[in-house]
Each structure stands twice: as C-alpha cells, then as structure tokens.
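Visitor: This structure is in structure tokens; I'll ask about it shortly.
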Amino acid sequence: MAKGITRERIVAAAFELLNEKGMDALTVRALASRLGVGAPALYWHVRNKQELLDEMSTSVMRRVIEALAKIDLGAGWRADLAAYARVLRAEYLLYRDGARIFSGTRFSDAEVVRAKEHWLGRLTAAGFSLAAADDAIDLVGAFVVGFVIEEQERSQSAGADPARYSLAGRDAWLGEGADLVKAAGHLRDDGDRRFDRQLGVLLDGLAAQLR
C-alpha cells in the first residue's frame, strides 16, 4: 500500500482531474499518475473506475445531506423535495460533468443510504404509499441528473463553438413549415428559471397522486 494514499485523498484528486479533463479522461491510471503512484497502489482502495465513481458520488451526497441539515425543512413535502432538488443541482454544478458521475453508482457509506429514511418518513406521513414515496425521491433525483447533464453539455459545447446553438442559424436550417418548432426554440430559457419551472411540473404530477 502506497504511504499517505487514502480514499479521501484519492477522491479529492479525482474531482480535480474531473474538473480539468472531464469524465472520459477520469481513469484509475490517470489518477495514479496525478498522485505520483503506480496504478496497483490505488487498487488497495478502489478496484476500478466504477468503484471510484461510487466513492465520488458518496462524497457528493454527504455534502448534500450536510447542506440540507442547515435548511429549515418542514414547510411540507413539496417544499422539502424542491429544496432537495436545488441542493442536489448546486452540488452537481460544482464540478465539470458533475451529474454524470452518478449514473449507475452505488453509495459506499451506509449512513448516506440511511438518510433516505427521513425522506421516506416525511412522504409517507404526507399520504404517499411507501412505493410512491420511493418513486418520488427517485424521480426528483433522475430529473436533476438529466437536467444538469444537459445544461453542462450545452455550456461546454457552446464554449467550444459559440455558434452551435445560434437560433438564427437553426431557423435557416429548419426552413419552411416548422413555425412552432422555431417559436419554441426562441422561448427556451436556461438555468434557474427553466429548472424551477420543470421541477414544478414534476411536483405537480406527484401532488396529483395524493388527490
């Protein structure tokens, strides 16, 4: 075992590499090189890239739990889920490809998984069945992951090619007979307003289950 190498140090270096190079360049070998050790030294702590992503996603979720602990929750299940979604998005946006690290991951800390007990309790107390409560948490999480992946990909693509999302260019490319498609494109907004509006649609659907 390489001296001074810990899981915490590995995860911190992994986030640095993610920010600099992106998800595709995040490999155990690249991480070992950054830490100045051979790849076998890391296998004492993380056996492969998937296990590394498990540790990274667990680290992010710990911070989500800590952030939520500082918020005055209790205004109702809808407001609480909205707060959870906004904190989750904020944490993902701290890192390049931040939301992508969550695809297919498994939390490695039992306390992180146990934190879900609170949310299931609040939702079932509000009238959701246990299955519906579990679905609600999953749906909010999936929405945030998908939304952030899209906004980060668009931001990175636009940075590399400022003309990529030109509305004038798109309108000309579409040609005649697509007036509604063109108009919808000009109505599109990004960032907080779009996030809150679409989150509201999701929460409306969950509220409809209670009625």
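The values are calculated or read from the model by the stated rules, or taken from the named source; none is laboratory data. No experiment lies behind these values; they were computed from the predicted model shown. Heads up, the Cβs are rebuilt from the backbone with ideal geometry, glycines too, and the neighbour counts pull from every protein chain shown. Side chains included, ligands, DNA and RNA excluded: accessible areas come from the protein's heavy atoms. Shrake-Rupley method; radii C 1.70, N 1.55, O 1.52, S 1.80 Å.
Visitor: How much of the accessible area of the range 125-211, in percent, comes from carbon and sulfur atoms when a 1.4 Å probe is used?
Guide: Of the solvent-accessible surface of the range 125-211, carbon and sulfur hold 56 percent.
Visitor: Within the set of other residues whose C-beta is less than 13 Å from the C-beta of V145, count the net charge using Lys and Arg as +1 and Asp and Glu as -1.
Guide: Net charge around V145: -4.
Visitor: So, in nm, how far is label S103 from label T124 when the simple model puts each one 7 Å beyond its Cα toward the Cβ?
Guide: 3.3
Visitor: Mind checking which aspartates and glutamates have their Cα closer than 19 Å to the Cα of K116? Skip sequence neighbours fewer than 8 apart in that chain.
Guide: D54, E55, E66, D72, D80, E91, D134, D135, D138
Visitor: Give the whole-number value, in cubic angstrom per residue, of the convex hull volume spanned by the C-alpha atoms of the range 101-185.
Guide: 161
Visitor: Where Lys and Arg each count +1 and Asp and Glu each count -1, what net charge lies around Q156 among other residues with Cβ under 15 Å from its Cβ?
Guide: Around Q156, the surrounding residues sum to -3.
Visitor: Could I ask something else about it? Compute the label zone of A184 within the range 145-178: residues whose backbone N is under 13 Å from the point 7 Å along Cα-to-Cβ.
Guide: Label zone hits: 178.
Visitor: How far, in nm, would the chain grow between L93 and A79 when pulled straight, counting 0.36 nm per residue and subtracting the alpha carbon separation?
Guide: 2.9 nm
Visitor: Over 24 Å, how big is the tail of the calculated P(r) for the chain, in percent of all Cα pairs?
Guide: 53
Visitor: Calculate the tail of P(r) for the range 1-65: the fraction of all Cα-Cα distances greater than 20 Å, expressed in %.
Guide: More than 20 Å apart: 19 percent of the Cα pairs in the range 1-65.
Visitor: Give me the distance in nm between label points sitting 7 Å out from Cα along the Cα-to-Cβ direction at Q198 and D24, one decimal.
Guide: So the label points at Q198 and D24 sit 2.3 nm apart.
Visitor: Normalised by the residues of the chain, what does the relative contact order come to in percent, with Cα pairs under 8 Å and at least six apart?
Guide: 19
Visitor: Apply the a/c threshold of 1.5 to the C-alpha gyration tensor of the range 146-203 and tell me whether it is rounded, prolate or oblate.
Guide: It comes out oblate by the Cα gyration axes.
Visitor: Next question, about the same structure. In deg cm²/dmol, rounded to 500, what helix-only [θ] at 222 nm does the chain give when every DSSP H run of at least 4 residues adds -39500 (n - 2.57) and the total is split over its residues?
Guide: Computed mean residue ellipticity for the chain: -22000 deg cm²/dmol.
Visitor: In whole angstrom, how far apart do the alpha carbon centroids of the range 134-202 and the range 79-125 sit?
Guide: Centre-to-centre distance over Cα atoms comes out at 23 Å.
Visitor: Further question on the same structure: How far apart, in nanometres, would the label points at I71 and L210 be if each is projected 7 angstrom from Cα along the Cα-to-Cβ direction?
Guide: Distance between the two pseudo-spin positions: 1.6 nm.
Visitor: Sticking with this structure for a sec: Share of Cα-Cα pairs in the range 14-107 beyond 17 Å, in percent?
Guide: Counting every Cα pair in the range 14-107, those more than 17 Å apart make up 55 percent.
Visitor: Another question about this same structure. In the neighborhood of T124, defined by Cβ-to-Cβ distances under 11 Å, what is the net charge if each Lys or Arg adds +1 and each Asp or Glu adds -1?
Guide: -1
Visitor: Membrane-span-like helices in the chain: DSSP H runs reaching 24 Å or more (Cα, own axis), mean Kyte hydropathy at least 0.0?
Guide: Span-like helices in the chain: 130-160.
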